[in-house]
1. Quick test for you: out of 41, 71, pick the one residue that is at pLDDT 95 or above, exposed (fewer than 13 other Cβ atoms within 10 Å of the Cβ) and in contact with a Ser or Thr (Cβ under 9 Å, 6 or more places away or on another chain).
2. Can you tell me which residue among 90, 128 is surrounded by 13 or more Cβ atoms within 10 Å (Cβ to Cβ) and touching a residue at least 40 places away in the same chain (Cβ under 8 Å)?
3. Do the conditions hold for residue 154, that is, is it surrounded by fewer than 24 Cβ atoms within 10 Å (Cβ to Cβ), out of contact with any Leu (no Cβ under 8 Å at 6 or more places or on another chain), over 24 Å from residue 129 (Cα atoms) and not polar (S, T, N, Q)?
4. Every residue in the stretch 177-193 that is among the aliphatic types (A, V, I, L, M), over 13 Å from the mean Cα position of the chain (by Cα) and crowded, with 24+ Cβ neighbours inside 10 Å, please.
5. Pull up the stretch 11-41, narrow it to residues that are charged (D, E, K, R) and not in a loop (DSSP other than H, G, I, E, B), then point me to the one that is farthest from the chain's Cα centre (by Cα).
6. Please determine whether any residue of the stretch 183-195 is of a type in the set (Asp, Glu) and either part of a loop (DSSP other than H, G, I, E, B) or touching a residue at least 60 places away in the same chain (Cβ under 8 Å) (or both).
7. Can you name every residue in the stretch 36-62 that is more than 25 Å from residue 191 (Cβ to Cβ) and free of Cβ contacts under 8 Å to residues at least 24 places away in the same chain?
8. Pull up the stretch 234-254, narrow it to residues that are over 19 Å from residue 176 (Cα atoms) and of a type outside the set (Phe, Trp, Tyr), then point me to the one that is surrounded by the most Cβ atoms within 10 Å (Cβ to Cβ).
Amino acid sequence: MTRIEVQLELHYEVDAFGADFVFNLHAAFTPQQAVWNERLTLNQPVPTLLHADPATGTRFLRLSALPGPLTLGYSAAIELTHFFADPLLLTEQPVPALPPEVLPYVFPSRYCESDRLVKFAIAEFGHLPRGHGRAQAICDWVRGHVTYAANTTDTNTSAANTLLDRVGVCRDFAHLMIALCRAVNLPARFATGTDYGAMPANGRLDFHAYVEVWLGDRWYLFDPAGTAIPMALIRFGTGRDAADVAFATIFGNVISRAPDVRAVAIEDLDRGVTLPWHCWQALSTDAGPGRRY
């Protein structure tokens, strides 16, 4: 088991007309991810509405902000129970055999135009044996051919753009890996969390985007940007791409600052809680057959 304590703080300046927000910054409640000591703070006396997507466990917070400064804080302790698997034993399922809830993640989406990348993906990865190794090869290819650089892309950048420009941030790495997986009929989805274990050269801790690929009968974790320790990847949201689970969607004229993100791993050997490490096994925080997130 892994325990991560997170603290987030978001700062905005809202113009005279106010603004509406949809946040995705609560840790998801799933059978494999327990959330404790959760706390939300707001500097404005406005009502909030929190609801969860029953299919993924993703939680969305809605509020209408008043003009002026808006500061939102969130903290929680998250305990992750991982499923470990031998990568050599994980196979791909043919499209006709995919569970109905998995099928949408093999289709193209707004930022993952897999239909445009089919020819390239088949040339690069179509000859590889089907299974975890092919998903890992796609992950390694993205990590090896795209340069991580802050402030090089924006909300219009898609997987096709990243394949052409070969530069981006974790969001772009994730979109490209997802699109290439889907182009060879591997279901893949976009997940958000924090980048515990980020390389110091990449700067301050931030929200993090990673990938889950459907292999066998579960979703397995991949970090194509290579900045995080996969065992410490908590789950805020999962969707087809970033359009589904942006950490903040804003309707109105707002000036925003970079978020303050802190994540600390806690060790408690008496309870079986260990510090995260890079392991050789494939990792999943999916609930498994019958209870999938």
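The values are calculated or read from the model by the stated rules, or taken from the named source; none is laboratory data. This is a predicted model, so every value here is computed, not measured. Cβ sites come from the backbone with ideal geometry, for glycine too, and all protein chains shown count toward neighbours.
1. Testing whether each residue is at pLDDT 95 or above, exposed (fewer than 13 other Cβ atoms within 10 Å of the Cβ) and in contact with a Ser or Thr (Cβ under 9 Å, 6 or more places away or on another chain) leaves just 41.
2. That would be 90, the only listed residue that is surrounded by 13 or more Cβ atoms within 10 Å (Cβ to Cβ) and touching a residue at least 40 places away in the same chain (Cβ under 8 Å).
3. When the stated conditions are applied, residue 154 passes them.
4. Passing the criteria: 179, 180, 183, 186.
5. 13
6. Yes, that holds for at least one residue.
7. Hits for the stretch 36-62 are 45, 46, 47.
8. Per the criteria, the residue is 235.
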